[in-house]
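Here is the structure we will look at, set down as structure tokens.
Just so it is clear, none of the values below were taken in a lab; they were calculated from the coordinates. For clarity, every value in this text was computed on a predicted model and none was experimentally measured. Here the Cβ is made from the backbone with ideal geometry for all residues, glycine too, and neighbour counts use every protein chain on show.
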Amino acid sequence: MSYDPNSRWAPYGSGTRAPWQAGATVDAALRAYMARVYNYMAAGLAVTGIVAYAAANSGFYAAIVGTPLIWLVMLAPLGFVLALSFGIHRMSAATASLLFWLYAAVMGLSLAGIFLVFTGTSIARVFFITAGTFAATSFFGYTTGTDLSRAGSFLMMGLIGIVIASLVNIFIGSSALQFAISVIGVIVFTGLTAWDTQRIKEMYVENFGTETIGKMAIMGALTLYLDFINLFMLLLQLFGQRRDE
């Protein structure tokens, strides 16, 4: 699928590309860029999984549960996300990349508890379910010609509702509410995956040829990484088999 560059390209003539040549250049570069985003995301997930498994099986996670250190482990990922989201424009691509890898590792520490709560078989099963769902919806977001921005606004409102409901459920501990949160959350993050993929693609086309592309790839990977992790955790609540069952 080609992009009509419109005003982003100067009239062609001597020393300039014709519109169809410019569009083909954007298409080829976009495919390479999206592959870079997905590779970053997949590598981040691999780091998270390895760290989570190691922390759970080494006894480190169990040792810090019930100590103040667990709060640092649980809240640190939020700090990295905020640092990347608000400071990305002031840092170099190398610094942003380092923060992304550190974030993936710290997220692994915070998720290590799932190996103590759920069986390894069910974790693997849910991971592959998540991967299949993510791949299908991200592919839809990449290829569809429909503008998903309006749906994205509703999905963001749904996300805010999920966060509020989750905070409330911390105090009331309702299994029925948790089930509803998980079901609605799966729908929301499935939609967000498609919307975020489309946004990442469109932002690249708008900034084609600028020096910010490297940092944009990291932020795009972070966005899709968060969609994947949240979708995985919600599906695990629905389909994961607990060790005490």
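General observations
- Residue that is farthest from the chain's Cα centre (by Cα), among those in the stretch 114-135 that are among the hydroxyl-bearing types (Ser, Thr, Tyr) and part of a helix (DSSP H, G or I): Thr121
- Boolean, Met34 is surrounded by 15 or more Cβ atoms within 10 Å (Cβ to Cβ), among the aliphatic types (A, V, I, L, M) and not in a helix (DSSP H, G or I): no
- Residues of the stretch 96-130 satisfying the condition of being small (Gly, Ala, Ser), over 27 Å from Gly79 (Cβ atoms) and touching a residue at least 60 places away in the same chain (Cβ under 8 Å): Ser122
- A Cβ distance below 7 Å, combined with a sequence gap of six or more or placement on separate chains, defines the contacts here; from the stretch 220-245, residues that are on the phi > 0 side of the Ramachandran plot reach no residue that is surrounded by fewer than 19 Cβ atoms within 10 Å (Cβ to Cβ) and part of a helix (DSSP H, G or I).
- Residue in the stretch 40-95 that is nearest to Ile200 (Cα to Cα), counting only those that are free of Cβ contacts under 8 Å to residues at least 60 places away in the same chain and of a type in the set (Val, Ile, Thr): Thr95
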